[in-house]
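Below is one structure, written out as structure tokens; comments come after it.
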Amino acid sequence: MDQMKILLIEDDITVCSSLKLLLGKKGYTVDAVNQPNLAEDKINTFKPEIILLDMNFTIDTSGKQGLKLLRIIREAHPNISVILMTGWATVQLAVTGMKLGAKDFMTKPWDNKDLMVSIENIKSLHHGSFDNQPKGESRDSRIIGSSQQIKDVLSLVDRVAETEASVLITGESGTGKELIAEAIHFKSKRAQGPFVKVNLGALPETLFESELFGHKKGAFTGAHSDREGRFGVANNGTIFLDEIGELGLNSQVKLLRVLQEKSYEMLGSSETKKTDVRLLSATNKNLHKIAGEGKFREDLFYRINLINIHLPALRDRREDIPDLVNYFVKNIAELYETEKPYLHPNTIDWLSQQEYKGNIRQLKNIIERTFLLHRSKKELVQKDFLPSFQVNVSSNKAGQALNLQENEIETIRKALAKYDHSISSSARALGITRSSLYRRLEKYGIPHEPKI
């Protein structure tokens, strides 16, 4: 297999020598050019897959020369991946470069490990012919569907999982973003490490630092003991920041610093702690739009959005609804140790044509509710599901919500009892993630006896 070629466009000969030595030891073919006006001829003859591009070639430190050359490269050679490098880093320069199509941004002096991670990520994600690692099929059986949309999502999950790239998972509420995050983690090199989820939408901004970075005893009123933060717990694993679009601007600054410097301090401590985590994020908001409105930092957006995985709404993958219906019915029947009720193809077709504004989550709740209200029936028909779609009966809304909650509590208790309080087995039977199950146990005050 041919070696990947990397071209250095850098006026500092010492830097070129250092990078040639580093990259050569890693098996790359490396060449360099020291003047921007010679870059085009070198690109045409050397034919690199990746370019490390310095931003400044004179005493001027504005980065305009590098950005101009970046535009030329992107227009003439769109398949070449560019990593920007500068000793005069500014937020706007990084954002501008990423907008123009740069794949990453490094500051001098660079960290060799960070640089190699960036190159390996780009190689795996954008230059597949150089990747000799086999792409396995998805191992997460809870991601249900055979539509082209979901096949494309799972293919991208397989590709990004083996990298260290930050991933932003987008999509409407209820589309399964957390399941995708878990699939990425458990297919990655960090699979044996922790998977830590933080719901930023439910986290008050005043508690952001304590929750994410931890605190020392006495750091603030109520801090009666040391507490490790989520980044500490997730070390050598993956941290999943759900609803990241809800994060306030002040907290965004603090998060960006950790992602850039890979270090933090616990509240009440001056000791700097190093962190080695992979970041996955999710949102149902259009972060690009709200960043343009000044409500989300552009530099943070480009840090967390190296790769975007967008989950389609259920209305855009209706052909998957029959598989989802059968999956949920089978799971709930196994949980209650009853015979799986029969659903006529016409009933499933009718369910496939309904609207699910809550997406997969709403479909799952409808299936469970209907099953629990008709547990003695051997066949579920269209009229059994109708009450779940009758939203205009306002007088019954509160009672329906209460019944649904009671049914969910009963289902969870049943799962815990059947699987001897194993969280993993119970969550799998319920068709939800471990962290989702933990949240429900806390929400409903359900006693949990950990399996020994």
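The values are calculated or read from the model by the stated rules, or taken from the named source; none is laboratory data. Everything numeric in this text was worked out from a predicted model, so none of it was measured. All Cβ positions, glycine included, derive from the backbone under ideal geometry; neighbour counts span all protein chains shown.
Checking Ser281 against (1) in a helix (DSSP H, G or I); (2) within 27 Å of Glu261 (Cα to Cα); (3) of a type in the set (Ser, Thr, Tyr), only one condition comes out false. Which one? Failing condition for Ser281: (1). For first residues located in segment 374-389 and closer than 14 Å to Leu343 by Cα, partners that are surrounded by 11 or more Cβ atoms within 10 Å (Cβ to Cβ) and among the acidic types (Asp, Glu) and lie 6+ apart or on another chain with Cβ distances below 6 Å form the pairs His374/Asp384. Quick check, is Lys5 modelled with pLDDT of 90 or more, charged (D, E, K, R) and more than 25 Å from Ser124 (Cβ to Cβ)? No; evaluated as a whole, the condition is false for this residue. The residues in segment 98-132 that are farther than 21 Å from Ile309 by Cα, part of a loop (DSSP other than H, G, I, E, B) and either touching a Leu at 6+ places or on another chain (Cβ under 7 Å) or at pLDDT below 80 (or both) can be counted, and the count is 3. Restricting attention to segment 227-241, the residues that are more than 14 Å from Lys274 (Cβ to Cβ) and touching a residue at least 40 places away in the same chain (Cβ under 8 Å) add up to 5. Looking across Ile360, Ile321, Ile309, Ile332, one residue alone is in a strand (DSSP E or B) and buried (at least 21 other Cβ atoms within 10 Å of the Cβ). It is Ile309. Scanning segment 249-263 for residues that are at negative phi, surrounded by 15 or more Cβ atoms within 10 Å (Cβ to Cβ) and either of a type in the set (A, V, I, L, M) or not in a helix (DSSP H, G or I) (or both) yields Leu255, Leu256, Val258, Leu259. Do we find that Ser225 is more than 30 Å from Leu93 (Cα to Cα), exposed (fewer than 15 other Cβ atoms within 10 Å of the Cβ) and not assigned by TED's automatic domain parsing to the domain that holds Tyr419 in this structure? When the stated conditions are applied, Ser225 passes them.
Flag not set for Ala234, criterion: aliphatic (A, V, I, L, M) and in contact with an Asp or Glu (Cβ under 8 Å, 6 or more places away or on another chain). Contact map, segment 23-40: first residue under 21 Å from Gln3 (Cβ atoms), second residue part of a helix (DSSP H, G or I) and of a type outside the set (Val, Ile, Thr), Cβ cut-off under 6 Å, separation 6 or more or different chains; pairs are Val30/Lys20; Val30/Leu23; Val30/Gly24; Asp31/Phe46; Ala32/Cys16; Val33/Ala39; Val33/Lys42. Looking across Gly232, Gly237, Gly245, one residue alone is over 28 Å from Val95 (Cα atoms), modelled with pLDDT of 90 or more and in contact with a Phe, Trp or Tyr (Cβ under 8 Å, 6 or more places away or on another chain). It is Gly232. Checking each residue in segment 207-226 for being of a type outside the set (Asp, Glu) and at pLDDT 85 or above picks out Leu207, Phe208, Ser210, Leu212, Phe213, Gly214, His215, Lys216, Lys217.
Pairs meeting the criteria (first residue in segment 426-439 and touching a residue at least 24 places away in the same chain (Cβ under 8 Å), second residue surrounded by fewer than 20 Cβ atoms within 10 Å (Cβ to Cβ) and of a type in the set (Phe, Trp, Tyr), beta carbons under 7 Å, at least 6 apart or on different chains) are Ala429/Tyr419. Against the list (1) over 30 Å from Tyr419 (Cβ atoms); (2) at pLDDT below 95; (3) in a loop (DSSP other than H, G, I, E, B), the condition Tyr302 fails is (3).
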